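Data block below; observations after.
Values quoted throughout were computed directly from the atomic coordinates according to the rules given, and no laboratory measurement underlies them. Every value quoted in this text rests on a predicted model; they were computed, and no experiment measured them. Cβ sites come from the backbone with ideal geometry, for glycine too, and all protein chains shown count toward neighbours.
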Amino acid sequence: MLNQKLLKIEREDSYNKLNRLVAGFKASHPEVKVISLGIGDVSFPVPAPVVEAMKKACGDLADMKTFQGYGAYWGLDSLRKTIASCDYGDLGISFEEVYVGDGTKTDCTAVLELLDSSAKVLTGDPTYPVYKNGSLAMGREVFFAECDEEFKMIVPKERYDVIYICSPCNPVGNAYTRTELEKWIDYARKNGSYIVYDNVYRDFAESPDIPRSIYELEGSRECCIEMHSFSKNASLSGVRCSYFILPKELGRDVHDLWRERTINRFNGASYVAQKAAEASYLPNAREIISRNIKAYKENGVLLRETLKKAGFDVIGGIDAPYLWVRTPDGMECWEAFGFFLEELGLITVPGAIFGSRGRYHLRISALGSNEECREACRRIEEYYEKDI
Ligand code: PLP
């Protein structure tokens with residue numbers, strides 16, 4: 001019998017529908033230069049020092065003296081130490097608490113294997129779809145928290161075992177403040193719940209009340225598993241490397257259990273990918289990464305200002321590379337998607353892809369090139385000029 005839980009996942013593949021609509025429009029309007037504001041991937045290439053490290057890593061594999069095969073199930077110690085010192089300097093995370101993976105998409109639901117299969121999972125609506133669909137695929141029961149007017153989850157009265165918090169957030173483009181996160185930590189400690197804190201967009205956050213790591217907050221080590229990826233900062237989305245933190249305070253047996261689980265379920269991230277991740281901390285790589293993030297952030301600000309000036313209701317675009325935009329004139333999101341495509345030659349993502357509460361929103365991404373973003377904003381401005 002096939003996995004019945006998998007069969008229950010919504011069968012309509014919304015991204016296929018989106019791609020079909022875009023392909024149809026391009027075929028019938030070859031004269032329009034379509035610009036994607038739907039992109040969830042990065043557009044800058046891998047920084048040169050990181051590429052150099054990958055080349056060297058390939059050389060290691062070609063030499064009997066430096067060849068690396070199986071073994072680093074939870075990551076190379078050199079990378080784990082670099083992460084602990086560079087990302088957590090004075091927060092007291094030891095390298096033994098760092099587990100390297102092949103992407104946060106994998107890690108964020110893999111950690112569910114640490115907990116009993118009866119664990120009840122809570123996420124938002126809208127949400128990064130993997131929290132919901134990945135948990136369902138693993139046979140977990142998924143619930144949706146109430147959200148405030150900024151689409152941030154409200155702490156529930158009921159007890160849940162696992163809470164996914166994405167901050168800075170895909171798809172809404174905002175981030176949880178220290179005060180908001182303290183309420184969740186308090187809830188998790190009282191209820192013996194675990195917070196899976198997806199921090200893949202950490203490098204985009206700039207508002208002073210947004211923590212860089214959940215471990216800046218008191219009590220978080222008892223209940224939070226922080227996830228980070230090298231996809232969005234070092235452009236390693238096609239190379240695959242990530243990590244997460246299992247603090248010792250999560251429980252006496254957590255590390256033994258996780259190691260047992262991992263030895264039987266995962267042979268470690270690629271050696272070349274881990275060497276690339278390690279090189280992303282080199283000063284010359286950091287410089288390039290900061291420049292790239294700055295460029296995406298400029299897109300975010302420009303898109304936000306342009307859309308607001310045109311009269312749109314906009315959330316995000318400052319602490320994350322996404323904007324959550326209310327559709328014009330009460331249109332449903334797929335209709336608004338069609339409107340942006342046909343009138344402006346712009347691809348957006350219908351909010352319903354991220355949950356039913358996204359029905360009247362579009363997700364707009366700042367991860368494209370500066371040039372295309374400027375052109376997109378010029379088109380929006382021109383279309384709405386009469387109202388500006
Ligand atoms: N988490 C969030 C919130 C994301 O938006 C994405 C990718 O878009 C991921 C995780 C996946 O990251 P990775 O490339 O490390 O699998």
Give the residues of the range 248-266 whose amide nitrogen is closer than 20 Å to a point set 7 Å from the Cα of GLU218 in the direction of its Cβ. 248-250
By its C-alpha gyration tensor, with a ≥ b ≥ c as the square roots of the eigenvalues, how is the range 149-263 shaped: rounded for a/c under 1.5, else prolate for a/b larger than b/c, else oblate? oblate
Pop the C-beta distance of LYS190 and ARG286 into the FRET formula with R0 = 45 Å and round what comes out to the nearest 0.05. 0.70
Top mean-square fluctuation among LYS152, LYS65, LYS275, Gaussian network model of the chain, C-alpha springs under 10 Å? LYS65
Residue by residue through the range 322-328, which ³J(HN,Hα) values in whole Hz follow from phi under the Karplus form 6.51 cos²θ - 1.76 cosθ + 1.60 (θ = phi - 60°), with glycine and proline marked x? 10, 10, 10, 10, 5, 5, x
Between the Cα axis of helix 14-28 and the main Cα principal axis of the chain, the angle (0 to 90°, nearest 10) is 40
If the convex hull is drawn through the Cα atoms of the range 312-373, its volume per residue in Å³: 87
Simple spin-label estimate for GLU150 and SER85 in nanometres, 7 Å along Cα-Cβ: 3.6
Any idea how far apart PHE67 and ASN370 come out in nm if each label point goes 7 Å out from Cα toward Cβ? 4.7
Classify the range 103-165 as rounded, prolate or oblate from the Cα gyration tensor: take a ≥ b ≥ c as the square roots of its eigenvalues, call it rounded if a/c is under 1.5, otherwise prolate when a/b beats b/c and oblate if not. oblate
Angle between the chain longest axis and helix 254-265 axis [Cα atoms, degrees, rounded to 10]: 80
May I ask for the angle, rounded to the nearest 10°, between helix 77-88 and the longest principal axis of the chain, with both axes built from Cα atoms and the value confined to 0 to 90°? 60
If you average the sequence gap of Cα pairs under 8 Å that are 6 or more apart and divide by the length of the range 66-151, what percent do you get for the contact order? 22
Quick check: convex hull of the Cα atoms in the chain, volume per residue, rounded to a whole Å³? 162
Tell me whether the range 239-323 comes out rounded, prolate or oblate; compute the Cα gyration tensor, take square roots of the eigenvalues as a ≥ b ≥ c, and use a/c under 1.5 as the rounded threshold. prolate
Between GLU141 and GLU381, Cβ-based FRET efficiency (R0 51 Å, step 0.05) works out to 0.65
For the chain, what is the mean residue ellipticity at 222 nm derived from helices alone (per DSSP H run of n ≥ 4: -39500 (n - 2.57); sum divided by total residues; nearest 500 deg cm²/dmol)? -12000 deg cm²/dmol
Hey, fewest Cβ within 10 Å first, where do HIS228, HIS29 land in order? HIS29, HIS228
